[in-house]
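These notes concern the structure reproduced below.
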Amino acid sequence: GAGVSQSPRYKVAKRGQDVALRCDPISGHVSLFWYQQALGQGPEFLTYFQNEAQLDKSGLPSDRFFAERPEGSVSTLKIQRTQQEDSAVYLCASSSSTPTSTDTQYFGPGTRLTVL
Amino acid sequence: KQEVTQIPAALSVPEGENLVLNCSFTDSAIYNLQWFRQDPGKGLTSLLLIQSSQREQTSGRLNASLDKSSGRSTLYIAASQPGDSATYLCAVFGSNYKLTFGKGTLLTVNP
């Protein structure tokens, strides 16, 4: 079926605005990950869901960042009161089972967020 | 804390050349190592995944090796083509089920 999709692909926000980024994982995938990729850097882990349970949110930079996956499929990453340092590409990935050494994570195209 | 370093940061080669990209990691307690390709404006595509018990994996013109004890991996690309131009990312998967990425190598293959 279709791969991981993300929307919007591009988002420009004024400093202080709230934004919501959506991820549609591959159907039936249990695990969902969010990553933040700053310009010229590799992706950095933000948070992990197993079905609807958020098992790890240790990578979220501040309490302005919030993620949810209420029905165990679509996930939303919300950033409140955006700051310029939040400008980055936000990547979503999903995998078919709970993370194991044999798992491959399938990545979406990302949402490029620019905060002015 | 796991740290992943990729060398070189950028590489430009003429078409047809064989090349090697390098990756090193500080914590050898990993489950696997993956090489990804990232094209501008696109997500990451997994190229090769090497389990911690394996020494290498091959796919077409790509060959990746892993020396877990020394914390090193290489990605060998044979007979490079302009279509290989992209950023190549190395990532290690540890016991905390997180992928830790390097900053990537930007490869340009010139026709």
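Between residue B:20 and residue A:41, what is the FRET efficiency for a Förster distance of 30 Å, r being their Cβ-Cβ separation, to the nearest 0.05? Could you put the intermediate results ahead of the total?
Working: r = 23 Å, r/R0 = 0.75.
Efficiency computed from Cβ-Cβ geometry: 0.85.
Lys-Lys pairs in the protein assembly as shown that are eight or more residues apart or on separate chains and whose Cα atoms lie under 18 Å of each other come to 11. Note on the stretch B:33-88: Kirkwood radius taken over Cα pairs, Stokes-Einstein applied at 20 °C and 1.002 mPa s, translational D equal to 178 µm² s⁻¹.
Here the dipole of the protein assembly as shown is about 420 debye; that uses its Cα centre as origin and unit charges on the Cβ of Lys and Arg (positive) and Asp and Glu (negative).
Determine, from the Cβ-Cβ distance of residue A:76 and residue A:14 and an R0 of 25 Å, the FRET efficiency 1/(1 + (r/R0)^6), rounded to the nearest 0.05. Taking R0 as 25 Å, the efficiency between residue A:76 and residue A:14 is 0.80. Taken about its Cα centre, chain B carries a charge dipole of about 300 debye when Lys and Arg each add +1 at the Cβ and Asp and Glu each add -1 at the Cβ.
Counting every pair of alpha carbons in chain A, the share spaced more than 21 Å apart comes to 30 percent.
The numbers here are math on the coordinates, done by the rules we state, and not lab data. Everything numeric in this text was worked out from a predicted model, so none of it was measured. All Cβ positions, even for glycine, are placed from backbone atoms using ideal geometry, and neighbour counts span all protein chains on display.
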